[in-house]
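Here is the structure we will look at.
The values are calculated or read from the model by the stated rules, or taken from the named source; none is laboratory data. Keep in mind it's a predicted model, so treat the numbers as computed, not measured. Note: ideal-geometry Cβ built from the backbone for every residue, glycine included; neighbour counts use all protein chains shown. In case anyone asks, the SASA skips ligands and DNA or RNA and just uses the protein heavy atoms, side chains included. Shrake-Rupley method; radii C 1.70, N 1.55, O 1.52, S 1.80 Å.
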Amino acid sequence: GPAEIAQSRHNDLFLLALRNMSNGLVMVSDEGRVSAFNPRALEILGLETGDASSGILLIDMLAVMARRLDWGRDDVAEFVELHRGWLASDAPVRVEHRFANSRTLQVTCQRIPEGGTILSYDDLSEHRATQDAMVHMAYHDPLTGLPNRRSFREEVQRMPARPGGVAVLMLDLDHFKAVNDTSGQL
């Protein structure tokens, strides 16, 4: 009847949204087996379609991911241990994990009352790289790449007081702009 048609249409739209959402989504059973995932999860985790299937252990899927992304052993072990901790937690978990290769993932882990857990992955690498570049620009001279006055002031403020005091050597290069204009940037 009309109710079943409406429900079927609703389910189709839900599956369409799931396949096209920007976050990666992985549903894991209480036994640690992947029961569902969307294409974005495979993309974020560096997996190909054949690398994951319903019923695979999440830990095995993460191992495949690590091989595909050529991660170091320490990164893999840490990521697996973090997942074990997240899956064991009854409280919702939302963490940002930065890898040695500067890749940053935001992971949300939420147990569901019906059993199992939903893991959501969002790749923040580009966003964090932009933030890091902006911070670098705020504290470094764009021409030389050396720390600027702001960086110097903050560094001095962080220095502990010393009985003998602190000596500071300052250099001022006269006509530095003229050298760059005629000889190119050094």
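Please find the FRET efficiency linking Ile59 to Leu16, where r is the Cβ-Cβ separation and R0 is fixed at 45 Å, and quote it to the nearest 0.05.
Taking R0 as 45 Å, the efficiency between Ile59 and Leu16 is 0.90.
If r is the Cβ-Cβ distance from Ala129 to His175 and R0 is 35 Å, what FRET efficiency results, to the nearest 0.05?
Using R0 = 35 Å, I get an efficiency of 0.45.
Could you do me a favour and compute the accessible area per residue for the chain, 1.4 Å probe, result in Å²?
With the other protein chains kept in place, the chain gives 69 Å² per residue.
Over the chain, what is the relative contact order in percent, taking alpha-carbon pairs closer than 8 angstrom and at least six residues apart?
15 percent
With label points built 7 Å along Cα→Cβ from the Cα atoms of Arg94 and Gln157, find their separation and express it in nm.
3.0 nm
Over all alpha-carbon pairs in the chain, figure out the percentage whose distance exceeds 25 Å.
Everything past 25 Å amounts to 56 percent.
If the only charges are +1 at each Lys and Arg Cβ and -1 at each Asp and Glu Cβ, what is the size of the charge dipole of the chain around the Cα centre, to the nearest 20 debye?
400 debye
Can you compute the helix-only [θ] at 222 nm over the chain? Use -39500 (n - 2.57) per DSSP H run of at least 4 residues, normalise by all residues, nearest 500 deg cm²/dmol.
Value at 222 nm, helices only, nearest 500: -14000 deg cm²/dmol.
Can you tell which of Leu58, Ala178, Leu124 lies farthest toward the positive end of the dipole of the chain, using +1 and -1 charges on the Cβ of basic and acidic side chains (Lys, Arg; Asp, Glu)?
So the residue furthest toward the plus end is Ala178.
Taking only Cα atoms and a 10 Å spring cutoff, compute GNM fluctuations for the chain and point out the largest among Asn148, Asn38, Asn23.
Of the options given, Asn148 has the highest mean-square fluctuation.
Expressed as a whole percentage, what fraction of the accessible surface of the chain belongs to carbon and sulfur atoms when a 1.4 Å probe is rolled over the protein heavy atoms?
In the chain, the share of accessible area belonging to carbon and sulfur is 56 percent.
How large are Rg and Dmax for segment 101-153 when calculated on the C-alpha trace, in angstrom?
Computed over the Cα atoms of segment 101-153, radius of gyration and Dmax are 18.6, 58 Å.
Please work out whether segment 50-96 counts as rounded, prolate or oblate from its C-alpha gyration tensor, where a ≥ b ≥ c are the square roots of the eigenvalues and a/c under 1.5 means rounded, while otherwise a/b larger than b/c means prolate and anything else oblate?
It comes out oblate by the Cα gyration axes.
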